[in-house]
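The values are calculated or read from the model by the stated rules, or taken from the named source; none is laboratory data. All values derive from a computational prediction rather than experimental measurement. FYI the Cβ positions are ideal-geometry reconstructions off the backbone, even for glycines, and counts take in every protein chain you see.
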Amino acid sequence: MRVCVITQDEAVAALVREGTRAAEAKIFKSSDEFIKCVLAPDRPGLIFIDLTSIKDGLRAVQFIKSSSEIRSIPVIVIVPMGQPDPEIAISQPDGVLVFPFSADEVAALATRRAPT
């Protein structure tokens, strides 16, 4: 399974990579390459969007969830600790990881959300 991740935080990238080690994790720091990964013919099985380091991350979630071609791909958002932003719920992610988190939490959430 391919996993597409957008983050500018090396610690987040390392934790997601470790938590999804059975998958091929592709880490992106910019939206352009990330969107190409999501729209590629060999669609990812899981998407992580780091809202702590990507300022247009919510827009990416909304784009994915509004597209009939890719809305079925599970999207997990990474949010900072504290009170959740109401816009996160509106964007309808399939899962939420609260930073800081562990690779075990990534693995558990990925296992529950990834297609079988």
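Kindly provide the set of residues from region 15-74 that are surrounded by fewer than 18 Cβ atoms within 10 Å (Cβ to Cβ), part of a strand (DSSP E or B) and of a type in the set (A, V, I, L, M), ordered by number.
Residues satisfying the conditions do not exist here.
Among (1) over 21 Å from residue 101 (Cβ atoms); (2) in contact with a Pro (Cβ under 9 Å, 6 or more places away or on another chain); (3) free of Cβ contacts under 8 Å to residues at least 40 places away in the same chain; (4) not small (Gly, Ala, Ser), there is one condition residue 2 misses while meeting the rest; what is its number?
(3)
Any idea how many residues of region 69-79 are under 16 Å from the mean Cα position of the chain (by Cα) and either farther than 17 Å from residue 5 by Cβ or in contact (Cβ under 8 Å) with a residue 60 or more places away in the chain (or both)?
3
Of all residues in region 80-96 being of a type outside the set (Asp, Glu) and assigned to a loop (DSSP other than H, G, I, E, B), which is nearest to the chain's Cα centre (by Cα)? Before you say what the answer is, go through the steps one by one.
If we filter region 80-96 for residues that are of a type outside the set (Asp, Glu), which is where we start, we get 80-84, 86, 88-93, 95-96.
So of that shortlist, the ones also assigned to a loop (DSSP other than H, G, I, E, B) come out as 81-84, 92-93.
Working: 81: 17, 82: 19, 83: 20, 84: 17, 92: 12, 93: 9 Å.
Among those that are of a type outside the set (Asp, Glu) and assigned to a loop (DSSP other than H, G, I, E, B), it is 93.
Looking only at residues that are surrounded by 14 or more Cβ atoms within 10 Å (Cβ to Cβ) and of a type in the set (Val, Ile, Thr) in region 75-97, which one is modelled with the lowest pLDDT?
88
List the pairs whose first member sits in region 24-51 and is among the acidic types (Asp, Glu), whose second member is in a helix (DSSP H, G or I) and modelled with pLDDT under 95, and whose Cβ atoms are under 8 Å apart, counting only residues at least 6 apart or on separate chains?
Final answer for the pair search is 50/57.
Can you find a residue in region 11-22 that is at pLDDT 95 or above and more than 22 Å from residue 1 (Cβ to Cβ)?
Yes, there is a match, as at least one residue in region 11-22 is at pLDDT 95 or above and more than 22 Å from residue 1 (Cβ to Cβ).
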